[in-house]
Structures are given as structure tokens and as C-alpha cells.
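Down below is the structure, laid out as C-alpha cells.
The values are calculated or read from the model by the stated rules, or taken from the named source; none is laboratory data. No experiment lies behind these values; they were computed from the predicted model shown. Positions of Cβ are backbone-derived with ideal geometry, glycine not excepted, and every protein chain shown enters the neighbour counts. Please note that ligands, DNA and RNA were not included when accessible areas were found on the heavy atoms of the full protein model with its side chains. Shrake-Rupley method; radii C 1.70, N 1.55, O 1.52, S 1.80 Å.
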Amino acid sequence: MTEKTILVTGGAGFIGSNFVLNWINQEGSPVINLDKLTYAGNLGNLSSLKNDKRHIFVKGDINDRTLVQELLTRHRPWAIVNFAAESHVDRSIHGPEDFIQTNVNGTFHLLQETRAYLETLEGEEKNVFRFLHISTDEVYGSLGPDDAPFTESSPYTPNSPYSASKAASDHLVRAFHHTYGLYTLTSNCSNNYGPYQFPEKLVPLIILNALNWKPLPVYGDGLNVRDWLYVQDHCEALRIVLAQGKSGEVYNIGGGNERKNIDVVQTICSLLDELRPVSGQKYASLISFIKDRPGHDRRYAIDARKIGHQLRWKPEETFETGIRKTVQWYLDNMEWVKSITSGDYQRWLEKNYGNRGTA
Ligand code: NAD
Ligand code: TYD
């Protein structure tokens, strides 16, 4: 393998698979993709790379240090891009253990093996090596309606087991830079949406429930605010951060699209009314306000000026253009949807939404 190889973890998940596809398309250099294939990992996302020698898939856990060491020694990547995580807040409320295991311990083990690998490198190979850690704006906690958006120096105040586990991993990455001089890059992004997102998250869940004429569950009063980032814009930003980001730096990545949840749901309903009309009916009639998520953060917003000024990145999509593409993608990819909405997914829906009660 050449010095151009990168090691991606969690590359069969939503953002990871979009990143791998984007990388091979834009950079054309090889990717080792280490993924445990949890419920959220799906090789179907990467079926277009089935016969592509530049994509080497390895089923495994980032906690498996022997495997990680073996992959690093064999393929000698110049970068690690760490997407692997448990990523859903509601699941972290039902069962936080896996989040600690993967997000905290897994990141720690990956960092340890990276250090050991660097000991074996010399000269240019050692100098260029970098570790890009993908994190979330949720580590900064919840904003009030008039608060300024999160910057890279906003204090960490995570509120869910998910965001606490990501915060812990960010701190480990920071410490490995400061203590051991590891070339680290951390990105904290807002809510992603787009193709291949597992339908436990708001956008695909609403699209698929609507298409099945099922209630559209909105937590609480529906006035919580998120900033929405189209996944391909995120992938472009990550390629730029990897190429040009400065060691030890943090970059916030946002779409500049703050929206209330209820407005997101209404927008999806209007698009479906246009693209998949049901005679005499409106999808919005399915909206159902249900009992709120415990500890539900009220508002996230990202100040993305640093990456804009320093690395010259800005998102291409507005929420309106990105959500239209996303709804159309799900309509065009019902075979993919069918392949992932199996027994396990139905059990999750029952656990999170069955007998939940109204708001
Ligand atoms: P996802 O849940 O869709 O995918 C996670 C992937 O990691 C899956 O393929 C899964 O099989 C794999 N994985 C889980 N545990 C693993 C382990 N121990 N070893 C190896 N692989 C493992 O997540 P996503 O939405 O693609 O998010 C990717 C990253 O981006 C995560 O770190 C997440 O915290 C972060 N992030 C996501 C969002 C978002 O809106 N989706 C927003 C901000 C940050
Ligand atoms: P989600 O997609 O789970 O992302 P996150 O919690 O990481 O922001 O949820 C986005 C917003 O939508 C969040 O405020 C919770 C809300 N939500 C609902 O109202 N109903 C749902 O069924 C889901 C999954 C989320």
C-alpha cells in the first residue's frame, strides 16, 4: 500500500460511508475501513465499491488493539479518521454502557495504538501522520434562544450520556496532543442529514413513518432547535480539515441552518405532499406531539467562522436544497430502506415509542 492510504473507523455508518464514497471519488487513494457493523453499520451503503480495490473493508472493533496494531503495521496509513461511535442520544438514555465502551474506551485504545505505531515511523512519514477525530456540537450543551452560537472555545457542558461520552473522547484526543505531541485534529459538527442515514434519527424517521402513513413523533413542544448540515458538505469539510488543519486544533462545522424541529417535520411533509401526494390527505395530519426526551437539549447552533476563514470552507447546500435531495433519495432507494428496517429496527421503535404517551 502507498503512503496515501488512510484508515477510517466507522466507515459503514451514515457519515462514515458518505465520507468513504466521497474520498474515493475525490481523492482516489485507498481506504482501510474498520467497522464493527453494529445495528448502525451497513455494507449496503458501500455496495458501489464492491469491486473497487481501493476500499478494503475489515469487520472489527476499535477496542481490539491487536487488530488495530496489525492494520496500522500492514497498511501504514498517513491518517486515521475516527467516526466509529454509538451515535444516538435516545439509545444512550435507554442504555449508556455501549457508549462508554466504544466512544470513550474505543477512542482511547485507538489513540494508544496510534502512539505505538508512530514509534515505528521516522522522518517524513512520522511528520505527516495525523489523527482526525469526528465529534459533535452536543458536547457544548444547550443554548438559550438568544445565546451566541458555539465557538471552538465554548465550555464543555454535555447533558446526555451520548454527549458526555463524546466529550470524554474529545478530551482524550486533546490530552494525547498536549502530552505526547500527537498530530490531532478534532471536528465538532451539527446535525447531519442526507443519504444512508439510519432511520432512528429525526429526518429519515419522519420520512419513512410518513411514507408508511404512521404517526410522526415530535418530542415535547417541537420547539427545540438544531443546526442542519448536509452530509456531503460535512465530508468536504473533513477532507479540507485533514489536508490543511493545524495540529491540536478544533474546527466547528455547521450548516448555518437553524431550524425548530416542528419546522423540519413540516418541511418534510410539504415535500412529500408534492413528491408523493396522497389524494385528499396531507402528511402533516400525522404529526403527533409525544412525551419529551429526558434532559432534551433546547438549542444547538454553530459558529463556523473559524473553518470558513482559516480553511476556506463553506456549505454548498441550504436546508431547503439539502432536504429536498434527501427526501428524493429515500423515495428512490426503497430497496435500501427495506434492507435495514428489519426485526431489530422494529424492536427499537417499540422500545422508544411504544406506550410513550403524549406531550
Ligand atoms: P452511525 O451510528 O450511523 O455509524 C457509526 C458506525 O460506527 C457504524 O457503522 C458502527 O457499526 C460503527 N461502530 C460502532 N461501534 C464501533 C466499534 N466499537 N468499533 C468499530 N466500529 C464501530 O453514526 P454517524 O451518524 O455516521 O456518526 C459518525 C460520527 O459522527 C460519530 O462519531 C458521531 O458521534 C459523529 N456525529 C454525528 C452526527 C450526526 O448528525 N449523525 C452529528 C455530530 C457528530
Ligand atoms: P436526533 O435526530 O435524534 O438528533 P440529536 O438528538 O442528536 O439532535 O433528534 C433531532 C431532534 O429531533 C432532537 O431535538 C430530538 C427530536 N426528535 C423528535 O422530536 N422525534 C423523534 O422521533 C426523534 C428521533 C427526534
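One table, with the values for the structure above:
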item	result
Residues of the range 171-211 satisfying the condition of being open to solvent by less than 40 Å² (accessible area, probe 1.4 Å), within 24 Å of Asp303 (Cα to Cα) and within 16 Å of ligand 2 (Cβ to nearest atom)	Ser187, Asn188, Cys189, Ser190, Asn191, Asn192, Tyr193, Gly194, Val203
Verdict on Tyr162 being within 13 Å of ligand 2 (Cβ to nearest atom), crowded, with 24+ Cβ neighbours inside 10 Å and on the phi < 0 side of the Ramachandran plot	yes
Test: residue in the range 108-126 that is within 16 Å of ligand 2 (Cβ to nearest atom) and among the polar types (S, T, N, Q)	no
Boolean, Phe57 is within 16 Å of ligand 2 (Cβ to nearest atom) and more than 19 Å from Arg130 (Cβ to Cβ)	no
Scope the range 50-68; condition farther than 15 Å from Leu37 by Cα, within 15 Å of ligand 1 (Cβ to nearest atom) and not β-branched (Val, Ile, Thr); matching residues	His55, Arg65, Leu67
Scope the range 224-272; condition within 14 Å of ligand 2 (Cβ to nearest atom) and more than 21 Å from Gly322 (Cα to Cα); matching residues	none
Leu238 vs. criteria assigned to a helix (DSSP H, G or I), under 22 Å from Gly357 (Cβ atoms) and under 19 Å from the mean Cα position of the chain (by Cα)	no
Pair list, Cβ < 6 Å and 6+ apart or interchain, from the range 285-305 residues that are away from ligand 2 (no atom under 12 Å from the Cβ) to residues that are part of a loop (DSSP other than H, G, I, E, B) and among the polar types (S, T, N, Q)	Ile302/Ser190; Asp303/Thr151
Where a residue in the range 80-98 is closer than 8 Å to Tyr162 by Cα and of a type in the set (Gly, Ala, Ser) and its partner, wherever it lies, is part of a helix (DSSP H, G or I) and within 10 Å of ligand 1 (Cβ to nearest atom), with Cβ under 6 Å and at least six apart	Ser92/Phe99; Ser92/Tyr162
Which numbered condition Pro145 fails, given (1) open to solvent by 50 Å² or more (accessible area, probe 1.4 Å); (2) touching a strand residue (DSSP E or B) at 6+ places or on another chain (Cβ under 8 Å); (3) away from ligand 2 (no atom under 16 Å from the Cβ)	(3)
Residue that is nearest to ligand 2 (Cβ to nearest atom), among those in the range 5-17 that are on the phi < 0 side of the Ramachandran plot and assigned to a loop (DSSP other than H, G, I, E, B)	Gly13
Pairs, first more than 15 Å from Asp170 (Cα to Cα) in the range 118-135, second surrounded by fewer than 13 Cβ atoms within 10 Å (Cβ to Cβ), C-beta under 7 Å, six or more apart	Glu125/Glu3
